[in-house]
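Each remark here refers to the structure printed beneath this line.
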Amino acid sequence: MSTNLSETDLELMRKQFSASPKNRVAQNAVAQTSIDEVALDREVVVGTDTTVSNLLDDWSVTNQKHSGRCWLFAGLNLLRVGAAQAMNRKEFEFSQNHLMFWDKLERANYFLEAMIETADRDLDDRTVAFLLSEVTNDGGQWNMFVALVAKHGVVPKSVMPETQSSSKTARMNEILQSVLRQGALELRGCPAEEQQEHKQRIVEAVYRILCIHLGTPPERFLWQWADKDRVFHRDGEMTPKEFAAKYARVPLDDYVCLVDDPRPSSPKGRTFTVDYLGNVVGGPPVVYLNVDMAVMKKAAMDAIVGGRPVWFGCDVGKMRNNDLGIWDARLYDLESVYDVSFSLDKADRLALHDTLMTHAMLFTGVDVVDGSPRKWRVENSWGDEKADKGFWTMNDNWFDEHVFEIAARRDQLPPELLVASESEPIVLPAWDPMGSLAR
């Protein structure tokens, strides 16, 4: 082939395509039917059922609707298991809107501090430009969830319920983005001795906007309820932090984020962080411990067998069928349809921006065969209309390829990794794909 696409090149490709009956069949099929329906591997579908040997969930799923709050939903879903048990309730839900309010406000402050810190750099500096492009996203990471609960507590959903903007965040985010970008420009041109005072006025404007869209977070609230046996209980007035201390019983500070980053530049057994990734200024940094996939799987399996759900992050869009509620690494036989080899491994896909963490959920079950996981049950936050009333089935081969992170208790780590988890983290650049779940 010449450097340009010549008429000869185009004619050759046209003839080669038309000469193949397989190509014509595929074209006819895909012209009338979605590629996923054409490529769906029937053998994988019939070989996947929803039963697991170790099942924790006996509750209903939640729904993040048109928002990117999966990490908050997954975190609060982890906490609500113990809260419901403590209250003797079949169902209970923490307010996701409450934590989102504080995340937006804290992240506004975090962003403005980053703009002050980088004020001596040009606007087209890669870090500055990246931060300006990622101002008000809904995403987040495990350590960011922990920071919010520690500082602001939690409340029942009834105390700070959903609003139109919490369930559909795009327009609110656009407005906040404009306010914060304008504020960033003002701070960059502000004398150093006036920056904090000016930043305070911007944060106050953000608070005002958030209250209008999401409601005002409660300082105190009255909590009373009837349990599943119809016994009435009243705790009286509580603050969000008091409520968290009583009902958010999971020891969040005892968790460490395990990741599988197989890139050659990311050594196993080391900790990592991503530059300018966080929400609470002065809060715990986002730190990952890079481990072998076998370590991550064992930690997740042991936690579930021991009765604890597991928060995790993944690339949710790969090899997924919404109606069936199945993830499998070979769910779609695209190679046979296109006669193209998809040979990139996980490390290559990360390096080439073909994969990244896009969604957080909760493992609530595992099917263990001869001491090894065969498939996983997943509590999603997309409502109960998809999959098995909102619970999905993940075959173990998908875990290998598309799961990147879990939050694990420290007592699940072998001694050498427990020591490694306390080491000084390697700092990855702000745009590294390992920060994508928060973007």
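Condition first: within 18 Å of Ser67 (Cβ to Cβ), charged (D, E, K, R) and surrounded by 13 or more Cβ atoms within 10 Å (Cβ to Cβ). Now tell me which residues in segment 155-206 satisfy that.
Matches in segment 155-206: Lys157, Glu162, Lys168.
Within the set of pairs 6 or more residues apart or between chains, which connect a residue that is over 18 Å from Met293 (Cα atoms) inside segment 341-353 to a residue that is modelled with pLDDT of 95 or more and of a type in the set (Gly, Ala, Ser) with Cβ atoms less than 9 Å apart?
Matching pairs, first to second residue: none at all.
Among the candidates Ala299, Ala303, Ala347, which residue alone is in a helix (DSSP H, G or I), more than 19 Å from Met361 (Cβ to Cβ) and either at pLDDT 95 or above or in contact with a Lys or Arg (Cβ under 6 Å, 6 or more places away or on another chain) (or both)?
Checking each option against the conditions leaves just Ala347.
Please verify whether Trp376 is part of a strand (DSSP E or B), hydrophobic (A, V, I, L, M, F, W, C), touching a residue at least 60 places away in the same chain (Cβ under 8 Å) and crowded, with 23+ Cβ neighbours inside 10 Å, treating the condition exactly as stated.
Yes: the conditions hold for Trp376.
Which members of segment 286-296 meet the condition of being surrounded by 16 or more Cβ atoms within 10 Å (Cβ to Cβ) and assigned to a loop (DSSP other than H, G, I, E, B)?
Hits for segment 286-296 are Val286, Val287, Val291.
Considering only segment 203-246, state which residues are assigned to a helix (DSSP H, G or I) and of a type outside the set (A, V, I, L, M).
Glu204, Tyr207, Arg208, Cys211, His213, Pro240, Lys241, Glu242, Phe243, Lys246
Anything in segment 284-296 that is within 15 Å of His402 (Cα to Cα) and out of contact with any Lys or Arg (no Cβ under 8 Å at 6 or more places or on another chain)? List them, or say none.
Met293, Ala294, Met296
Considering only helices (runs of 4 or more DSSP H) fully contained in segment 30-110, which possess at least 1 residues that are modelled with pLDDT of 95 or more, basic (Lys, Arg) and over 23 Å from Phe145 (Cα atoms)?
42-46
Just wondering, is there one or more residues in segment 428-437 that are touching a Pro at 6+ places or on another chain (Cβ under 7 Å) and among the hydrophobic types (A, V, I, L, M, F, W, C)?
Checking segment 428-437: not a single residue is touching a Pro at 6+ places or on another chain (Cβ under 7 Å) and among the hydrophobic types (A, V, I, L, M, F, W, C).
Taking only segment 136-154 into account, find how many residues are surrounded by 20 or more Cβ atoms within 10 Å (Cβ to Cβ), more than 17 Å from the chain's Cα centre (by Cα) and within 23 Å of Thr273 (Cβ to Cβ).
Counting residues in segment 136-154 that are surrounded by 20 or more Cβ atoms within 10 Å (Cβ to Cβ), more than 17 Å from the chain's Cα centre (by Cα) and within 23 Å of Thr273 (Cβ to Cβ) gives 1.
The values are calculated or read from the model by the stated rules, or taken from the named source; none is laboratory data. Computed from a predicted model, the values in this text were never measured in an experiment. Cβ atoms come from the backbone with ideal geometry, glycine included; neighbour counts cover every protein chain shown.
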